[in-house]
Amino acid sequence: MRTLAKIPGPDLTVVENDELRRYELLAAGTTVGTLDFRLLGRRRVLGHTEIAADQRGRGLGTALIKAALDDLVTTGVRVTNYCPAVERFLQSNPEYAVVLDPEHPPMPASRRQHAPLQQLVHVQHSRLRELAARSQDPNLDGFERRRTTDQFAAVAAQHAAAVADVLLTAARTSSGNDAAVLLHNLKQFEQALRVLKGRAYGDARFLNLSSAETWQQAERLLTEHESTEARIVSGLERLHGADQATDMARTLAQRQWSSPTRPHPNSPHAGVAGRLARQLWRIADSTWDELEGRGLPTEPAEPANQHSTFSHYLFGTADDPDPTDQDPEKR
């Protein structure tokens with residue numbers, strides 16, 4: 001954790017928490033504000049700013065954003081911004097526009113409304129990154145580290161299986177080369193998940209590997225997966241249009257929660273054999289999870305109203321802005 005700035009006030013500090021991939025505003029050591037980011041090589045993608053409810057209305061969101069951008073200017077790191085609060089700050093302080101990466105501008109809002117599949121995989125990838133960062137928190141004890149690592153492995157395995165079921169099948173008919181790359185990556189990624197989970201639980205086959213080595217391999221393959229999947233999804237949306245992409249996004253979300261909870265890199269992935277294997281593994285994995293008392297994330301309730309806030313968030317469709325969502329200090 002690196003200190004970026006001291007802010008006038010009762011023991012206020014802005015730090016960079018690289019483990020959790022966010023900037024934090026601390027009041028007497030307690031986190032009262034955050035600005036999330038993702039790493040894409042040397043570039044950072046700014047996602048969301050929020051201030052604790054009891055600290056709003058004091059300009060702390062602006063102070064947090066300013067400290068983060070000051071550091072980015074100093075270090076020469078370029079950003080792609082998706083945070084409305086940061087966008088408003090940049091409009092009021094155009095001298096900070098130097099931090100924006102002109103080669104990687106954010107997806108325009110009008111396009112995001114018509115890119116439901118891209119939005120969904122972005123949400124899923126962000127969740128995996130969050131779980132990965134949480135699992136590597138050095139402050140966790142052994143039990144909690146195993147639990148969070150297991151959660152990451154389960155969610156990642158389900159995501160990989162759903163991608164094989166939906167996106168790999170679609171890609172094979174539209175982009176053979178990308179489909180082959182995705183298939184190879186899925187198998188490698190699932191093998192890395194198997195090693196990661198086995199190492200966390202003391203599997204003798206993997207004890208010669210350090211925790212850092214297993215995580216480095218898993219995150220490298222996750223990065224490759226994100227890149228390949230994003231390329232395939234973009235092509236599918238161009239090919240099929242927004243309506244069919246929305247249906248595909250809905251299917252992908254539903255399949256993820258009905259997919260195996262353990263990685264199976266040596267099973268068939270494509271075609272009828274792959275689908276049958278996933279159905280059988282889902283039954284077997286559910287049985288083992290029940291016997292082990294394995295605590296895993298649960299399926300979110302399907303929104304009855306397809307125009308609900310959750311639906312818009314999940315599928316990236318247009319929604320009327322909530323007036324309380326305009327400023328991180330008013331949330």
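Return a yes/no flag: does the range 53-66 have any residue that is of a type outside the set (Lys, Arg), within 24 Å of Glu226 (Cα to Cα) and modelled with pLDDT under 85.
no
Given the conditions (1) surrounded by fewer than 17 Cβ atoms within 10 Å (Cβ to Cβ); (2) in contact (Cβ under 8 Å) with a residue 24 or more places away in the chain; (3) not acidic (Asp, Glu), report the number of the one that Arg255 does not fulfil.
The number of the failed condition is (1).
State yes or no: is Ala270 over 30 Å from Glu290 (Cα atoms) and touching a helix residue (DSSP H, G or I) at 6+ places or on another chain (Cβ under 8 Å)? Can you show your working first?
Values: over 30 Å from Glu290 (Cα atoms): no; touching a helix residue (DSSP H, G or I) at 6+ places or on another chain (Cβ under 8 Å): yes.
Criteria not met by Ala270.
Could you go through the range 204-216 and let me know if any residue there is without any contact (Cβ under 8 Å) to a residue 40 or more places away in the chain, part of a helix (DSSP H, G or I) and of a type in the set (Phe, Trp, Tyr).
Within the range 204-216, one or more residues are without any contact (Cβ under 8 Å) to a residue 40 or more places away in the chain, part of a helix (DSSP H, G or I) and of a type in the set (Phe, Trp, Tyr).
Is it the case that the range 98-111 has a residue that's of a type in the set (S, T, N, Q) and either out of contact with any helix residue (DSSP H, G or I) (no Cβ under 7 Å at 6 or more places or on another chain) or assigned by TED's automatic domain parsing to the domain that holds Thr251 (or both)?
Restricting attention to the range 98-111, the residues satisfying the condition of being of a type in the set (S, T, N, Q) are 110.
From what is left, the residues that are either out of contact with any helix residue (DSSP H, G or I) (no Cβ under 7 Å at 6 or more places or on another chain) or assigned by TED's automatic domain parsing to the domain that holds Thr251 (or both) are 110.
Yes, the range 98-111 contains at least one residue that is of a type in the set (S, T, N, Q) and either out of contact with any helix residue (DSSP H, G or I) (no Cβ under 7 Å at 6 or more places or on another chain) or assigned by TED's automatic domain parsing to the domain that holds Thr251 (or both).
For the range 1-60, what are the residues that are farther than 23 Å from Pro138 by Cα, surrounded by 12 or more Cβ atoms within 10 Å (Cβ to Cβ) and aliphatic (A, V, I, L, M)?
Those that are farther than 23 Å from Pro138 by Cα, surrounded by 12 or more Cβ atoms within 10 Å (Cβ to Cβ) and aliphatic (A, V, I, L, M): Ala5, Ile7, Leu12, Val45, Leu46, Ile51, Ala52, Leu60.
The values are calculated or read from the model by the stated rules, or taken from the named source; none is laboratory data. No experiment lies behind these values; they were computed from the predicted model shown. Methodologically, a virtual Cβ is constructed for each residue, glycine included, from the backbone with ideal geometry; neighbour enumeration extends over all protein chains shown.
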